[in-house]
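See structure below.
The values are calculated or read from the model by the stated rules, or taken from the named source; none is laboratory data. Remember, it's a predicted structure, so these values are computed and weren't measured experimentally. Every residue, glycine as well, gets a Cβ built from its backbone with ideal geometry; the counts of neighbours run over all protein chains shown. Only protein heavy atoms, including side chains, enter the accessible area calculation; ligands, DNA and RNA are left aside. Shrake-Rupley method; radii C 1.70, N 1.55, O 1.52, S 1.80 Å.
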Amino acid sequence: GQQVMQIPQYQHVQEGEDFTTYCNSSTTLSNIQWYKQRPGGHPVFLIQLVKSGEVKKQKRLTFQFGEAKKNSSLHITATQTTDVGTYFCAGLTSGAGSYQLTFGKGTKLSVIP
Amino acid sequence: NAGVTQTPKFQVLKTGQSMTLQCAQDMNHEYMSWYRQDPGMGLRLIHYSVGAGITDQGEVPNGYNVSRSTTEDFPLRLLSAAPSQTSVYFCASSSRGRDSPLHFGNGTRLTVT
């Protein structure tokens, strides 16, 4: 079945440092979604990428979708303590009228003030 | 606008007991789903529904039942609880299915002893 690998599993950064998490799929994706889950909270949708090579920005967050639509990344510039949480990617594959959305295992970000 | 509402927030069961986790959404979303989240495992799909009267199995359906009699409600039933079902359960909905962003409830933390 489809697999979505996400690395690293954990990342500890000093406040102000940059952070990147990577997502790789075993199959070509129709789109990729990114979610953030604060400690003790629920996943919250951040963004969806659909086009090959797409780049989207949300303030200090930059999301990229690979040219082959098999990988994606989330980069945070100058982390803040409010960025703490677990970041999940979720890759969508489609075929024969059905969809499968597979979540990566997430990257847990800790920010040291 | 309440979004996705899950009850209860916490539950402790003994092995063999049954219970129902409730999920309701007020966004008129056709698609609803249940996930379980275990440490280091990400989010795994249990069951989903693309509309009232229609349900299907996800990645880890064993030991769980669902029904969808109305657009708003999607309860998850544990038939005979087992310690392996200790987890955090999230209900999620979306307007168009798995190719559109998921709105998650606040989760139910279930412990089976």
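Which residues, taken from region A:1-56, are aliphatic (A, V, I, L, M), facing chain B (nearest Cβ under 10 Å) and touching a Lys or Arg at 6+ places or on another chain (Cβ under 7 Å)?
A:44, A:46, A:47
Only one of (1) closer than 16 Å to residue B:104 by Cβ; (2) open to solvent by 50 Å² or more (accessible area, probe 1.4 Å) fails for residue B:4. Which number is that?
(2)
Among A:40, A:85, which is under 19 Å from residue B:103 (Cα atoms) and out of contact with any strand residue (DSSP E or B) (no Cβ under 9 Å at 6 or more places or on another chain)?
Working: A:85 fails: out of contact with any strand residue (DSSP E or B) (no Cβ under 9 Å at 6 or more places or on another chain).
Just a single option satisfies the conditions, and that option is A:40.
Name every residue in region A:95-113 that is within 12 Å of chain B (Cβ to nearest Cβ), farther than 20 Å from residue A:63 by Cβ and either open to solvent by less than 70 Å² (accessible area, probe 1.4 Å) or not hydroxyl-bearing (Ser, Thr, Tyr) (or both), in order of residue number. Before you say what the answer is, go through the steps one by one.
Quick first cut of region A:95-113, residues within 12 Å of chain B (Cβ to nearest Cβ) only: A:97-108.
So of that shortlist, the ones also farther than 20 Å from residue A:63 by Cβ come out as A:97-100.
A:97, A:98, A:100, listed by residue number.
With a cut-off of at least 2 residues that are at the interface with another protein chain (Cβ under 9 Å from one of its Cβ atoms) and open to solvent by less than 30 Å² (accessible area, probe 1.4 Å), name the strands (runs of 3 or more DSSP E) lying wholly within region B:54-113. Break it down into steps so the answer makes sense when it comes.
Details: elements: B:54-57, B:64-66, B:76-78, B:87-94, B:108-112.
Where strands (runs of 3 or more DSSP E) fall fully within region B:54-113 and carry at least 2 residues being at the interface with another protein chain (Cβ under 9 Å from one of its Cβ atoms) and open to solvent by less than 30 Å² (accessible area, probe 1.4 Å), they are B:87-94.
Being without any contact (Cβ under 8 Å) to a residue 24 or more places away in the chain, basic (Lys, Arg) and over 26 Å from residue B:3 (Cβ atoms) narrows it down to one residue among A:51, A:69, A:56; which is it?
One residue alone meets the criteria, A:51.
Identify all residues within region B:7-37 that are of a type in the set (Lys, Arg) and assigned to a strand (DSSP E or B); write none if there are none. I'd like the intermediate steps shown before the answer.
Taking region B:7-37 and keeping what is of a type in the set (Lys, Arg), we get B:9, B:14, B:36.
Within region B:7-37, B:36 is the sole residue that qualifies.
Return the residues of region A:45-75 that are among the hydrophobic types (A, V, I, L, M, F, W, C) and open to solvent by 70 Å² or more (accessible area, probe 1.4 Å); say none if nothing qualifies. Walk me through it before giving the result.
So the first thing to find is which residues in region A:45-75 are among the hydrophobic types (A, V, I, L, M, F, W, C), and the list is A:45-47, A:49-50, A:55, A:61, A:63, A:65, A:68, A:74.
Across region A:45-75, the qualifying residue is only A:55.
Could you run through region A:1-29 and say how many residues are part of a strand (DSSP E or B), β-branched (Val, Ile, Thr) and open to solvent by less than 80 Å² (accessible area, probe 1.4 Å)?
Taking region A:1-29 as the starting set, the residues that turn out to be part of a strand (DSSP E or B) are A:4-7, A:10-14, A:19-25.
So of that shortlist, the ones also β-branched (Val, Ile, Thr) come out as A:4, A:7, A:13, A:20-21.
Narrowing further to those that are open to solvent by less than 80 Å² (accessible area, probe 1.4 Å): A:4, A:13, A:20-21.
Residues flagged as part of a strand (DSSP E or B), β-branched (Val, Ile, Thr) and open to solvent by less than 80 Å² (accessible area, probe 1.4 Å) within region A:1-29 amount to 4.
Does region B:43-53 hold any residues that are assigned to a strand (DSSP E or B) and either among the basic types (Lys, Arg) or surrounded by fewer than 20 Cβ atoms within 10 Å (Cβ to Cβ) (or both), and which are they? Working first, answer last.
So the first thing to find is which residues in region B:43-53 are assigned to a strand (DSSP E or B), and the list is B:43-51.
Listed by number, the residues that qualify are B:44, B:50, B:51.
Of (1) within 14 Å of chain A (Cβ to nearest Cβ); (2) hydroxyl-bearing (Ser, Thr, Tyr); (3) more than 15 Å from residue B:107 (Cβ to Cβ), residue B:33 satisfies all except one. Which?
Going through (1) within 14 Å of chain A (Cβ to nearest Cβ); (2) hydroxyl-bearing (Ser, Thr, Tyr); (3) more than 15 Å from residue B:107 (Cβ to Cβ) one by one, residue B:33 breaks only (3).
Restricting to region B:36-53, name every residue that is away from chain A (no Cβ under 13 Å) and polar (S, T, N, Q).
The one that is away from chain A (no Cβ under 13 Å) and polar (S, T, N, Q): B:49.
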